[in-house]
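Here is the structure we will look at.
The values are calculated or read from the model by the stated rules, or taken from the named source; none is laboratory data. Because the structure is predicted, anything quoted here is derived from the model rather than measured. Cβ placement follows ideal geometry from the backbone for every residue including glycine, while neighbour counts extend to all protein chains displayed. Just the protein is used for accessible areas: all its heavy atoms, side chains included, with ligands, DNA and RNA removed. Shrake-Rupley method; radii C 1.70, N 1.55, O 1.52, S 1.80 Å.
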Amino acid sequence: MPWFAETLHRGVRQTLAVRRPIATVTTDFQRMQILETEAYGRALVLDGVVQTTERDEHIYHEMMTHVPLFAHPAPRRVLIIGGGDGGIAREVLRHRTVEAVTMVEIDPGVIDACQRHLPRICGGAFDDPRLRVIVDDGAKFVRTTADRFDVAIVDSPDPIGPATVLFAMDFYRNLSRVLRRPGLMVRQAGSLFLQPDESVEAARRLRRAFAIVAPYVAAIPTYIGGLFGFLLASETVQPLRATPAALETRYRRARLACQYYTPAIHRACFALPASVRARLAPV
Ligand code: SAM
């Protein structure tokens with residue numbers, strides 16, 4: 001059986017046994033592979049880096065979605081930057097209180113391939129009338145849009161190729177501008193152990209654009225290297241402002257029945273190892 005080797009990290013390789021390659025496409029932006037893997041089911045790979053897999057995608061998509069949406073008092077309008085596999089959109093649209101979702105994805109080839117080959121990740125998201133898909137650079141969109149949003153979810157790859165602009169100061173300043181008050185954004189911040197500089201630099205820049213920056217963590221098997229980092233940022237919203245009872249009530253009313261996220265996880269995921277807190281949230 002052939003093996004796929006991910007070489008994102010220096011000196012560390014993740015190899016996955018491949019039952020069969022399902023699609024290999026070089027789009028205008030990146031090299032995309034969809035692989036049937038032995039251990040994780042179907043996997044989306046962009047420029048040699050695992051983006052998401054059928055078996056563990058729910059952890060990342062639930063933590064990137066329900067933490068911000070339950071941290072916000074009443075999210076109605078949600079912006080997704082990237083997210084072409086549809087997993088974030090699927091989870092956002094499960095919130096019946098959300099009225100409109102705008103996804104800004106630079107590569108239509110990813111959307112097309114994931115709808116065709118990864119239906120277990122996107123589900124019916126792309127058919128939901130509340131979803132508007134804009135094919136564009138997310139950095140350009142937030143620089144020019146007159147729209148305003150309650151929550152922004154930056155579901156970008158690592159700072160490689162077209163995603164590099166989604167880690168720039170301008171992008172964060174424009175994100176802050178397109179958020180209503182109250183408003184908040186989240187972004188993935190990479191493996192805290194294997195990519196420490198990525199999360200530290202992202203947190204540093206976010207602190208220049210937002211008054212509140214709150215790191216949180218989860219363990220996601222195919223994002224190797226132990227704890228995976230997320231960064232929530234806002235001018236006014238503290239992610240733990242809701243009492244445990246209030247969070248429980250909102251979660252129960254939403255009738256989500258998540259596989260990973262729970263109100264207890266929501267509170268616990270902001271408890272950081274001492275060294276991570278010192279690096280990402282220095283007092
Ligand atoms: N969960 C993955 C992770 O954490 O690395 C990200 C998955 S999602 C497939 C990433 C998406 O971001 C891709 O579809 C890619 O095409 C898109 N993307 C990259 N750069 C972008 C940009 N500048 N604007 C909008 N979308 C972008």
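Counting only residues that are within 12 Å of the ligand (Cβ to nearest atom) and assigned to a loop (DSSP other than H, G, I, E, B), region 49-65 holds 1 of them. Filtering 120, 116, 90, 96 for residues that are farther than 20 Å from residue 234 by Cα and part of a loop (DSSP other than H, G, I, E, B) leaves a single hit, 96. Taken as a whole, the structure places residue 159 among residues that are surrounded by fewer than 19 Cβ atoms within 10 Å (Cβ to Cβ), part of a loop (DSSP other than H, G, I, E, B) and in contact with a helix residue (DSSP H, G or I) (Cβ under 6 Å, 6 or more places away or on another chain).
Could you please find all residues in region 66-87 being of a type in the set (Val, Ile, Thr) and not in a helix (DSSP H, G or I)? Don't jump to the end; show me each part of the working.
Taking region 66-87 as the starting set, the residues that turn out to be of a type in the set (Val, Ile, Thr) are 67, 78, 80-81.
If the condition is that a residue be of a type in the set (Val, Ile, Thr) and not in a helix (DSSP H, G or I), then 78, 80, 81 are the ones that fit.
For region 255-280, the set of residues classified as open to solvent by 20 Å² or more (accessible area, probe 1.4 Å) and in a helix (DSSP H, G or I) consists of 264, 265, 267, 268, 274, 275, 277, 278, 279, listed by residue number.
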